[in-house]
Amino acid sequence: MKKLWGGRFQKSAEEWVDEFGASIHFDQELVFEDIEGSLAHVSMLAETGILTKEEADQITGGLEALKEKASKGELSFTVAQEDIHLNLEAFLIKEVGAVGGKLHTGRSRNDQVATDMHLYLKKQVKHIIGLIEAFQKAIVEKAEAHVETLAPGYTHLQRAQPISFGHHLMAYFWMLERDKERFQEGLKRTDVSPLGAGALAGTTFPIDRKVSAELLGFSGVYANSMDAVSDRDFILEFLSASSILMMHMSRLAEEMILWSSQEFQFIEMDDAFSTGSSIMPQKKNPDMAELIRGKTGRVYGHLFGLLTVLKGLPLAYNKDMQEDKEGMFDTVHTIIGSLKIFAGMVETMKVKVDRLEEAVHNDFSNATELADYLASKGIPFREAHEIVGKLVLHCIQSQCYLADLPLEELKAASEIIEEDIYQVLSPFEAVKRRKSLGGTGFEQVQLQISAARNLLNGKQPSKE
Ligand code: ARG
């Protein structure tokens, strides 16, 4: 088949070579953006008098017809037409005749493809931000139900201090809030139009880039045509924000996998997000959480892939840049899928309050309480630490916990200890007392939750 750019060529490439160079298998995902970009371009061509109104109307009609066909899945793209841009142009010419060939006036595939990518990401990122918010809402709701559910807090995966389980969950709300900000920040640089940059140098036609940019809903235009066609920073920023988001989801996935294990039994995942084993009838596996943890790898890979593609490229467009697409599409699909799964997984998980309670009581995570008690009565903290350390060792040797020791034994360690120590050692009291800003004290967790709800409802955080 003769190529749209075939004029200069005496011989065609073999099919398998075309196959290697083509991007239509994946860039057909840009079909609607490509049509949208063309519709704006042709309107601008008419407005500036580069095409007559009749020509523009014919082309617009043809593009609308293609949009209709595309939405019904009626366009069958071919490798012979290489990519989405050439496929659509060929369809257009078939639809409206030779006048279709005028659409490409004052434009190149280089500014065209960049425009498509900007439009695509702008739309997807807005959708992704909505999904992050839905996930945050699921977290806030679960956290609110468990403000007073005690749980062991860990450092080094060793029990450290008791915490509110709601507090633990809310930590993820704030990670997601930063993720959202990163996507929003990136949107600013996605919201810029490369259209009209031409192949690299602009064009001799009296185009008006601001007209097409405005028609496409872009807030501005690239100031430099070479930058416009070579810039993929906005995709890198997207991949980087996505990598950090995946890392956050992977950490929560890891926690939920641990928590739902026989060893912890802190939560039970809903059947809807678990699978069974083909051989072991008793098993309920947290497959979805594991998959999200696993998929984090491919998103990191896409970020590194594109950074590497771009690092040695001379200005302006190079075919290497066609490699920007699959990773971006895959990242969009991966994070959309993961966010949806996670919102459902958190919403439906059963928190085993009794198990958490038991875990908090049967351990030494109240040791800091005793040390703080001594320190508040004037003993230097370092000495208090030593005294409590010895008591813990004593307990381990006699197979009991701190609150099991009779007052005389505690007094033997330090005269200062009085009867009120037993209340101090209670994990509930220990959590309640942590009233410092952002701490796990119940009131603080409630405050966090209200601040989070305000953010989700679009209210600004208060300055206090
Ligand atoms: N399929 C190409 C890509 O995705 C479109 C731009 C092609 N431009 C060119 N000069 N060959 O990068």
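Given the conditions (1) buried (at least 17 other Cβ atoms within 10 Å of the Cβ); (2) on the phi > 0 side of the Ramachandran plot, and given that S193 satisfies all but one, which numbered condition is not satisfied?
Evaluating S193 over (1) buried (at least 17 other Cβ atoms within 10 Å of the Cβ); (2) on the phi > 0 side of the Ramachandran plot leaves (2) as the failure.
Consider M247 carefully, then state whether it is part of a helix (DSSP H, G or I) and under 30 Å from L176 (Cα atoms).
For M247, the condition - part of a helix (DSSP H, G or I) and under 30 Å from L176 (Cα atoms) - is met.
Among the residues of segment 24-63, which ones are among the hydroxyl-bearing types (S, T, Y) and either surrounded by 20 or more Cβ atoms within 10 Å (Cβ to Cβ) or in contact with a Pro (Cβ under 6 Å, 6 or more places away or on another chain) (or both)?
Within segment 24-63, S38, T48 meet the criteria.
State whether one or more residues within segment 327-340 are farther than 30 Å from Q112 by Cβ and either in contact with a helix residue (DSSP H, G or I) (Cβ under 6 Å, 6 or more places away or on another chain) or free of Cβ contacts under 8 Å to residues at least 24 places away in the same chain (or both).
Yes, that holds for at least one residue.
Please list, ordered by first then second residue, the pairs with beta carbon atoms under 8 Å, 6 or more apart or interchain, first in segment 439-464 and more than 19 Å from P162 (Cα to Cα), second at pLDDT below 95 and not small (G, A, S).
So the pair list comes out as A451/P461; N454/Q460; N454/P461; L455/P461.
Can you work out which of the residues in segment 288-317 that are touching a residue at least 60 places away in the same chain (Cβ under 8 Å) and of a type outside the set (A, V, I, L, M, F, W, C) is nearest to Q112 (Cα to Cα)?
Within segment 288-317, the match that is nearest to Q112 (Cα to Cα) is Y317.
Can you find even one residue in segment 122-139 that is among the small types (G, A, S), within 16 Å of the ligand (Cβ to nearest atom), touching a residue at least 60 places away in the same chain (Cβ under 8 Å) and in a helix (DSSP H, G or I)?
No, that holds for no residue.
One residue is enough: does segment 211-223 have a residue meeting the conditions in a helix (DSSP H, G or I), out of contact with any strand residue (DSSP E or B) (no Cβ under 7 Å at 6 or more places or on another chain) and under 30 Å from F428 (Cβ atoms)?
So far as segment 211-223 goes, no, none of its residues is in a helix (DSSP H, G or I), out of contact with any strand residue (DSSP E or B) (no Cβ under 7 Å at 6 or more places or on another chain) and under 30 Å from F428 (Cβ atoms).
With the condition kept exactly as written, say whether any residue in segment 224-242 is more than 29 Å from G305 (Cα to Cα), surrounded by fewer than 23 Cβ atoms within 10 Å (Cβ to Cβ) and at pLDDT 95 or above.
Among the residues of segment 224-242, not one is more than 29 Å from G305 (Cα to Cα), surrounded by fewer than 23 Cβ atoms within 10 Å (Cβ to Cβ) and at pLDDT 95 or above, which makes the answer no.
Only one of L356, L307 is away from the ligand (no atom under 16 Å from the Cβ), surrounded by fewer than 16 Cβ atoms within 10 Å (Cβ to Cβ) and more than 18 Å from the chain's Cα centre (by Cα); which?
L307
Looking at this structure, is P281 farther than 30 Å from K137 by Cβ and either touching a residue at least 12 places away in the same chain (Cβ under 8 Å) or within 16 Å of the ligand (Cβ to nearest atom) (or both)?
Judged against the criteria, P281 is not a match.
Just to be sure before I move on: is F173 aromatic (F, W, Y), in contact (Cβ under 8 Å) with a residue 40 or more places away in the chain and in a loop (DSSP other than H, G, I, E, B) in the structure I sent?
The answer is no for F173.
If we keep just the residues of segment 361-409 that are polar (S, T, N, Q) and more than 21 Å from T155 (Cα to Cα), which is surrounded by the most Cβ atoms within 10 Å (Cβ to Cβ)?
Looking at residues that are polar (S, T, N, Q) and more than 21 Å from T155 (Cα to Cα), I get S376.
Quick check: is even one residue across segment 159-176 of a type in the set (F, W, Y), in contact with a strand residue (DSSP E or B) (Cβ under 6 Å, 6 or more places away or on another chain) and closer than 25 Å to N362 by Cα?
Looking for residues that are of a type in the set (F, W, Y), in contact with a strand residue (DSSP E or B) (Cβ under 6 Å, 6 or more places away or on another chain) and closer than 25 Å to N362 by Cα, one finds at least one in segment 159-176, hence yes.
Residue-wise test of (1) buried (at least 24 other Cβ atoms within 10 Å of the Cβ); (2) among the acidic types (D, E); (3) under 23 Å from the mean Cα position of the chain (by Cα).
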{"site": "A80", "(1), (2), (3)": "no, no, no"}
{"site": "D83", "(1), (2), (3)": "yes, yes, no"}
{"site": "L86", "(1), (2), (3)": "no, no, no"}
{"site": "A98", "(1), (2), (3)": "no, no, no"}
{"site": "S108", "(1), (2), (3)": "no, no, no"}
{"site": "D116", "(1), (2), (3)": "yes, yes, yes"}
{"site": "H127", "(1), (2), (3)": "no, no, yes"}
{"site": "K142", "(1), (2), (3)": "no, no, yes"}
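Where residues in segment 317-333 are more than 10 Å from the ligand (Cβ to nearest atom) and not charged (D, E, K, R), which of them is surrounded by the fewest Cβ atoms within 10 Å (Cβ to Cβ)?
H333
I207 fails exactly one of the following numbered conditions: (1) part of a helix (DSSP H, G or I); (2) touching a residue at least 24 places away in the same chain (Cβ under 8 Å). What is the number of that condition?
All conditions pass for I207, except number (1).
Would you confirm whether any residue within segment 145-163 is assigned to a helix (DSSP H, G or I) and either away from the ligand (no atom under 16 Å from the Cβ) or over 22 Å from the mean Cα position of the chain (by Cα) (or both)?
yes
The values are calculated or read from the model by the stated rules, or taken from the named source; none is laboratory data. Predicted model only: the values in this text are computed from it and were never measured. A quick note on method: Cβ atoms are made from the backbone with ideal geometry, for glycine too, and the neighbour counts reach across all protein chains shown.
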